[in-house]
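Notes to accompany the following structure.
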Amino acid sequence: MTDYRHALIGCGRVAANHVDGFGRVPGWVLATACDREPHVKEFAREHGIATAAQDVEEVFADPGITSVSIAVDHVQHGPLAERALVAGKHVLVEKPLCLDPAQARQLVALAAERGLVLSTVAQHRYDPVVRAVRQWVGRGLLGRLVFASATLQARREPDYYTGSYWRGTRRGEGGSALINQGYHCLDAVRWICGDLTTTAAVRTARALGGVIETEDTLSGLLSASGVPVTLNVTVASSVEWRTRIEIVGELGSVVFDLDHPGRLRRWDGSAELVRLAERESSRGLAEEPPGTSYYGTSHRRQIADFCRSVADGGPMLSSPADSVGTLETILSLYALSSR
């Protein structure tokens, strides 16, 4: 018997991950697909979704809808999340939660006040390798941290931006390489190492400067309780997608990625750390991603956690306050940088 009906608002690149994730949770059905473009009808037919809507107010006014996914342009995240919460819907929103930290905090408060689940997609926090590394750091297996670094190389062709009404614009996207592609690298480091403060940043748009208003490359220097953290992200590489995160401590170090599947690349340290790392490295992953390959499969894990939280009221692994902190870090890097 189905107890929960979910609606997907936005049927673009990441929509397949939400269709896949909610389709795997017993007792849940993805009942409505909503997009302002006419292709929503074809999308709904293709994925076996009963209702296709072009007016989001139909979703909010439907008393049978338990929750919504918001997967539209960044500038609409905050307003749509607020309207959904006011309508009594639980909300799963693609990153970032919104583009304004003050609005983000208001959304978190509104969800708490109304007893609703609000979660920003941070699927890589649910990757087994990321959870393992966080646990090792928490147990002190790497010793006191010395430094951390995160690097993302990606490739975005001009038509990725010119074919979109919002990508590459300050108003619609709020940035580019960092807030969109680099978000998860920064978020993973922040989750493992703790809250980050920013010291310096530089951003450029040498490859795409004639195409976008925002950055194609950003480098930042941050710290986690005094531990230096470096961040480099670009969408101007010849590589389609490659991430590397390195965590170095006095007693050990690990290098891993957020590609699909996310893997440990190198490790060094105590016999216990080596044992755990070898076990994690040998773990197989047969899951195939439902959409873009480097999105991975952990939308499934976060969506399952979201559904459980809606059902039992317990906290999620990734809290809404976490997404506010990541947003504040991103905006502080933008404030420190210049083009």
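The values are calculated or read from the model by the stated rules, or taken from the named source; none is laboratory data. Since the structure is predicted, the reported quantities are computational estimates derived from the model, not experimental observations. Ideal geometry is used to build each Cβ from the backbone, glycine not excepted, and the neighbour counts take in all protein chains shown. SASA here: full protein model, heavy atoms, side chains in, ligands and nucleic acids out. Shrake-Rupley method; radii C 1.70, N 1.55, O 1.52, S 1.80 Å.
General observations
- Difference of contour (0.36 nm per residue) and Cα-Cα distance, E157 to E46: 37.2 nm
- Leading residue at positive end of dipole, the chain (Cβ point charges), from S319, I247, A271: A271
- Percentage relative contact order, region 127-198, counting C-alpha pairs under 8 Å, at least six apart: 36
- Order by protection proxy (mean Cβ within 10 Å, highest first), peptides 61-69, 15-23: 15-23, 61-69
- What the pair-distance distribution of the chain shows, using all Cα-Cα distances binned every 20 Å from zero, is 31, 59, 10 percent.
- Think of region 92-203 as a dipole: +1 on every Lys or Arg Cβ, -1 on every Asp or Glu Cβ, centred on the Cα centre; then among A102, G138, I179, G138 lies furthest on the positive end.
- Taking label positions 7 Å along the Cα-Cβ direction at both R134 and A321, the computed distance is 1.5 nm, reported to one decimal.
- For region 207-241, the residues whose amide N sits under 17 Å from a probe point set 7 Å from the Cα of F147 along the beta carbon direction are 219-233.
- Directionally averaged shadow of region 96-239, computed from the convex hull of its alpha-carbon atoms, nm²: 10.5
- Note on A200 and D100: with the Förster distance fixed at 30 Å, the Cβ-Cβ geometry gives a FRET efficiency of about 0.80.
- Computed [θ] at 222 nm, helices only, for the chain once each DSSP H run of length n ≥ 4 contributes -39500 (n - 2.57): -10500 deg cm²/dmol
- Between the helical axis of 183-193 and the longest alpha-carbon principal axis of the chain there is an angle of about 60 degrees.
- For L196, net neighbour charge (Lys/Arg +1, Asp/Glu -1) across residues whose Cβ lies under 14 Å away: -3
- Quotient of Cα Rg and 2.2 N^0.38 Å for region 223-339, N being how many residues it contains: 1.30
- Accessible solvent surface per residue of region 60-131, calculated while the other protein chains remain in place, 1.4 angstrom probe, Å²: 32
- Approximating the spin labels as points 7 Å out from Cα along Cα→Cβ, the R283-to-E37 distance works out to 3.6 nm.
- Region 162-216: relative contact order as a whole-number percent, Cα under 8 Å and 6+ apart: 43
- Accessible carbon and sulfur surface of region 229-339 relative to its total accessible area, %, 1.4 Å: 49
- The chain - percent relative contact order, Cα under 8 Å, separation 6 or more: 19
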